[in-house]
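Below is one structure, written out as structure tokens; comments come after it.
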Amino acid sequence: MSFESLNLHPLILKAINDAGYTSPTPIQEHAIPELLAGHDVMASAQTGTGKTAAFMLPALHRLASPSEVRSRGPRVLVLTPTRELALQVSEATAKYGKYLPRAKVVSILGGMPYPLQNKLLSQVVDILVATPGRLIDHIQRGRIDFSRLEMLVLDEADRMLDMGFIEDVERIASATPATRQTLLFSATLDSAMDNVAARLLNSPKRIQVATSKARLNNIEQRLHYVDDISHKNQLLDHLLRDIALKQAIVFTATKRDADMLADGLSAQGHAAAALHGDMSQRDRNRTLIKLRQGGIRVLVATDVAARGIDVAGITHVINFDLPKFAEDYVHRIGRTGRAGASGIAVSFASSKDGIHLKKIERFTGQRIASHVVPGLEPRVKPRSGAGVQPRSTPSVAHKRSRTWSSDVPHRSNAYRADGDWKAGQNRSPAGNRDTWGNTASSTRAARASSGGNSRRDSFGSTTGSSAYFRGK
């Protein structure tokens, strides 16, 4: 099938041709005809399968004809769970609709200045891409007119459900015309999504075209068992010094760890930077631009970056900490192997991570083969039945010191993924430690005898005030 056979507007086809697209992906092939016919749709679509074009091309086709309602408000509203995904959707929309006369895109996101957003909303808007929290604020202030809204898109609805945004989504939907066309895209279509669809969609067409297993065929998955934080750090340094690694995303469990790990990697000579929800939108945009331009080789991020980042140069994804949810594992490693390229996903797991591994493997339908680096073998015994496959890699001195950790759990207020403040999130587990381990020179007693000022980092260098321990 070709895009021409989908009967899209000629100006849209011209933009698609400029983008180098030759034929629609399965989700596009199935969803676009249903959307052009005016049906509500609920679809299972993963990142990297072309889902943005699947809903945006029909939306732009609708915009090619003038609205019958005179208003400055949007004709298409796209809700996304994170700022990164919202910006990605906005960029793709501008690319697909660059030849259309009525396709002005505006993004309303948490973290952006209100005066700027007020100015944007005071002008004519054709497509509004927004995160739920900030959009609710503008609706309450009466700054958005939905009188000519024709299409509502819920992008990654499962993620919005997980993050507690569905109530906001339903409030937003209630402010839009009942005659709207509604689209729901989700990684999975389970009973929870069925309940959401029953409340928001009208006799939707159900589309399921992608499976987790099929999406991961071009990504080599590796598992490394680790004893402690020091062991993790040594394995990470070994992986990052592989010349085959062009760019990598390293995922951590907390924002604090992302900052500390990025600082530590930078001190070790890696071109590294952090990305997480506590950063301002300006800083996040600057970091993503630098990543796309190749100025950052290692991006250390929380799950806020698991969705919405599409950088062709990402060859490796490293799960420094395993995600809590199996779906997040798929989205994380989906940052590599984009557009048909191959990629490598490496996960670190301790002896306590067995239940998370089982959930991930059950969700993907694939077993993750465990690997070892000569000289950095784990002291813990791998799970029963795990097929350890040693790789032919240079030997590394196997010298690890004990991991130091504080006795007090770290708690922090945090920003939601859409940039709006929400307290009580992102609490680190009890016994929180910094990502670089803050290892003692040999034992706690040895540290005490040295006055507590000399600590050995995870690579064996003694320091008293390095970036790895800042804030301790």
What's the center-to-center distance, using Cα atoms, between the range 224-277 and the range 22-45 in Å? 39
Assuming a strict under-21 Å limit between Cα atoms, what lysine pair count do you get for the range 216-397 once near-sequence pairs (fewer than 8 apart, same chain) are dropped? 15
Under Karplus coefficients 6.51, -1.76 and 1.60, residue-wise ³J(HN,Hα) of the range 8-24 in Hz, glycine/proline x: 7, 4, x, 5, 6, 4, 5, 5, 4, 5, 4, 6, x, 7, 10, 9, x
Scan around residue 250 for amide H atoms under 5 Å from its own, H built in the peptide plane at 1.01 Å from N, and keep only partners 5 or more places away or cross-chain. 299, 300, 301, 318
Along the range 317-333, Karplus-curve 3J(HN,Hα) (6.51, -1.76, 1.60; θ = phi - 60°) to the nearest Hz, with x for Gly and Pro, reads 10, 10, 8, 4, 10, 5, x, 6, 10, 4, 4, 5, 4, 4, 5, 4, 6
Taking amide H positions as placed 1.01 Å from N in the peptide plane, with prolines and chain starts having none, which residues 5 or more places from residue 207, or on another chain, fall under 5 Å of its amide H? 42, 43, 44
Please list 282-289, 259-266 highest first by mean number of surrounding beta-carbon atoms within 10 Å per residue. 259-266, 282-289
Which loop-located trypsin sites (Lys or Arg not before Pro) does the range 182-268 contain, where loop means any DSSP state but H, G, I, E or B and the Cβ has at most 16 other Cβ atoms within 10 Å? 241, 246
What number of lysine-lysine pairs in the range 4-210 show an alpha-carbon separation below 26 angstrom, given a sequence spacing of 8 or more or placement on distinct chains? 12
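All of the numbers you see were taken from the coordinates with simple rules; none came from a lab. Keep in mind it's a predicted model, so treat the numbers as computed, not measured. Note that we place each Cβ from the backbone using ideal geometry, even for glycine, and neighbour counts take in every protein chain shown.
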